[in-house]
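Here is the structure we will look at, set down as structure tokens.
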Amino acid sequence: MAQDDVFKKIVSHCKEYGFVFPSSDIYDGLAAVYDYGQNGVELKNNIKQYWWQSMVLLHNNIVGIDSSIFMHPTIWKASGHVDAFNDPLIDNRDSKKRYRADVLIEDQLAKYEEKMDKEVAKAAKKFGDSFDEEKFRQTNPRVLANQAKWDELHTRFANAMEASDLQELKKIIEDEGIVCPISGSKNWTDVRQFNLMFSTEMGASSESASKIYLRPETAQGIFVNYLNVQKTGRMKLPFGIAQIGKAFRNEIVARQFVFRMREFEQMEMQFFCQPGTEMEWFNYWKKYRLAWHEALGMGNENYRYHDHEKLAHYANAATDIEFRMPFGFKEVEGIHSRTNFDLSQHEKFSGRQMKYFDPERNENYVPYVVETSIGVDRMFLTVMCHSYTEEQLENGSSRVVLRLPEPLAPVKCAVLPLVNKDGLPEKAQEIVDDLKFHFNTTIEAKDSIGKRYRRQDAIGTPFCVTVDGDSLTDNSVTLRYRDSMEQVRVPIAKLREIIEDRVSITSVLKKLDVK
Ligand code: GAP
């Protein structure tokens, strides 16, 4: 099936099974804004819990905060967002559609990569085991020609972005013959900058109101609280502050469902350390964050690092963790070494000291910061994309199953009375009343057992428990595993023990080795 079709199916599955709805659905939605439904919110909460516990519980020197969305407007001046949080935009005059110029060029680079990959795949099929990919890439004329085009375009693009040269970006689009995906024409406007922050007014009357912004990242709430936390928590460097919260960006090219939203949620951690130790911590966090993703068991081959060549002026290292989505490898998380830029800027703009007194070195300095920043919604999307599976079964039927990592599943166990009478619903309720204290357990009595299994498969419930007539006398039930569909008879008294360990967040946390 084409990857576009797979993605469309995932989006409609999310709606049909109560994971994600378009915002304001009865008013035909609001572009790039989404609501999470009854199953989506559980999955999202599990992701947040896994992140929070891996940061705050597993690291003695990390604490959390919850700062407000509205902040003093000068914060965004100090952070550089008022002046530089821009996207380069271009319009197509025929379709009247607006695009990010950098994204159009990145898509063009991806086309060259695709062409090279196709040549490699063709040759690999032809030569079988004797195929030497590295040699092929170094010698095949078609691969080399595309590589040369890629290199040239990449260099031009990187230079134009570095210099914020908008004319050059337009020239690249023209020289590459990039067309509007809707109109197919090359009738482009000039490229111009567009600030991504949403603003509103705070105050009782229009005269006294002042312009404030909805935060475009949660990180600044951490920076401006760094001394409050350090002093009241008696924190010693190195230490971290973690936060989960909403952020807002007026994204122009809002595409791909919850991948790029205008209102979204971030999980960010700023790690404050001694100047000179930041690369050591950058490498630690790079490794740790990848391990966090891998521990979920969604296939290590589906992740890769993408080191930034173009660094923001305040950063001295940055990398993305990318995940293989149906529309290619995409950024899920960023790890950035931000030097002492943000704290120094706040020192300058607020007039308050941001220095830390280091008792061991007997000196004052502004700490350096390594940041890890992941979007909850993007993480949600990686999990959905990985888990959505259509299966042909041996008996000729098919099923849609969400192979969610078990600790993230919205419902962990569904208890199903075989028939909705003869004391079975009551027995099933007894089981639920016992298990519900330990993990999310539900009861479902309507429809045939086959249909109920399918519904639970579709929302990713790892365990179904079927209560039948024998259960009333032998106190045992049939336990069905989601992925293998294997069914085993087990005593009711053993259910908690069998299920709890597999579905708890602790079971994934234990795979993370904190040093
Ligand atoms: N404080 C650093 C920062 O905000 P970023 O790379 O702009 O860095 C970090 O964003 C993460 O936030 C991204 O890796 C992505 O997961 C998520 N994110 C950013 N913009 C988003 C959007 N419009 N919709 C959904 N998630 C977004």
### Summary
Placing each pseudo-label 7 Å from Cα in the direction of the beta carbon, V488 and F198 end up separated by a distance in nanometres of 4.9
### Task
Let me know the longest stretch in the chain that avoids all GluC sites (Glu not before Pro) found in a DSSP loop with at most 13 other C-beta atoms within 10 Å.
1-206
### Crossing angle, helix 166-175 versus the chain [Cα axis fit, 0-90 degrees, rounded to tens]
70
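State to the nearest 20 debye the size of the charge dipole of region 97-173 about its Cα centre, where the only charges are +1 on K and R beta carbons and -1 on D and E beta carbons. Intermediate values should be presented prior to the final figure.
On the way: 16 positive and 16 negative charges, 98 e Å.
Computed charge dipole of region 97-173: roughly 460 debye.
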### Task
Just name one of M267, M235, G203: the one whose Cα is farthest towards the positive end of the charge dipole of the chain (beta-carbon charges, Lys/Arg +1, Asp/Glu -1).
G203
### Query
When only C-alpha pairs under 8 Å and at least 6 residues apart count, what is the relative contact order of region 401-510, in percent?
32
### Message
Between helix 38-52 and the chain, what is the angle of the helix's C-alpha long axis to the longest principal axis, kept within 0 to 90° and rounded to the nearest 10?
### Response
60
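What do you get for Rg/Rh of region 1-70 when both radii come from the Cα atoms and Rh is the Kirkwood radius? List each step's numbers first, then the result.
Details: Rg = 16.7 Å, Rh = 14.8 Å.
Over the Cα atoms of region 1-70, Rg/Rh equals 1.13.
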### Summary
With DSSP loop assignment and no more than 15 other C-beta atoms within 10 Å, the trypsin sites (Lys or Arg not before Pro) in region 393-452 are K421, K436, K446
### Query
In degrees from 0 to 90, rounded to the nearest 10, what is the angle of the helix 3-16 Cα long axis to the longest principal axis of the chain?
60
### Message
At 7 Å along Cα-to-Cβ for each site, give me the label-to-label distance between Y305 and E497 in nm.
### Response
4.4
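Given the pairs K310/K330; K15/K412; K97/K310, which span a C-alpha to C-alpha distance of over 22 angstrom in this model? Walk me through the numbers on the way to the answer.
Working: K310/K330 17 Å; K15/K412 20 Å; K97/K310 28 Å.
Distance filter (> 22 Å) returns K97/K310.
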### Query
Counting alpha carbon pairs within less than 8 Å and at least 6 residues apart, what relative contact order, in whole percent, applies to region 200-299?
24
### Message
Please report the spacing between the Cα centers of region 393-419 and region 1-71 in Å, no decimals.
### Response
21
### Query
Using helices alone, what [θ] at 222 nm do you get for the chain, with -39,500 (n - 2.57) per DSSP H run of 4 or more residues, divided over all residues and rounded to the nearest 500?
-11500 deg cm²/dmol
### Query
How about region 170-267: which trypsin sites (Lys or Arg not before Pro) there lie in a loop by DSSP and see at most 16 other Cβ atoms within 10 Å?
K186, R234, K236, R255
### Task
Can you pull the one-decimal nm distance between simple spin-label points at A31 and D422, each 7 Å off the Cα toward Cβ?
5.8
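Determine the relative contact order of the chain: mean sequence separation of Cα pairs under 8 Å and six or more apart, normalised by residue count, in whole percent. Working shown, then result.
Details: 863 pairs, mean separation 74.0, N = 515.
Rounded, it is 14 percent for the chain.
Between K211 and H59, what's the calculated FRET efficiency when r is the beta-carbon distance and R0 is 51 Å? Round to 0.05. Could the numbers behind the result be given before it?
Values: r = 38 Å, r/R0 = 0.74.
Once the sixth-power term is evaluated, E becomes 0.85.
How large is Rg/Rh for the chain, to two decimals, with Cα atoms and a Kirkwood Rh?
On the way: Rg = 26.3 Å, Rh = 26.1 Å.
Rounded to two decimals, Rg/Rh equals 1.01.
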### Message
Going by Cα centres, region 268-313 and region 96-112 are how many Å apart?
### Response
27
### Task
For region 401-510, restrict the atom set to alpha-carbon positions and state the Rg and Dmax in Å.
13.0, 43
### Task
Could you list the chymotrypsin sites (Phe, Trp or Tyr not before Pro) in region 321-383 that lie in coil according to DSSP, counting only those with at most 16 other Cβ atoms within 10 Å of their Cβ?
F327
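Readers should treat all values here as calculations from the given coordinates under stated rules, not as data from a laboratory. Small disclaimer: the values here were computed from a predicted structure and weren't measured. Cβ atoms come from the backbone with ideal geometry, glycine included; neighbour counts cover every protein chain shown.
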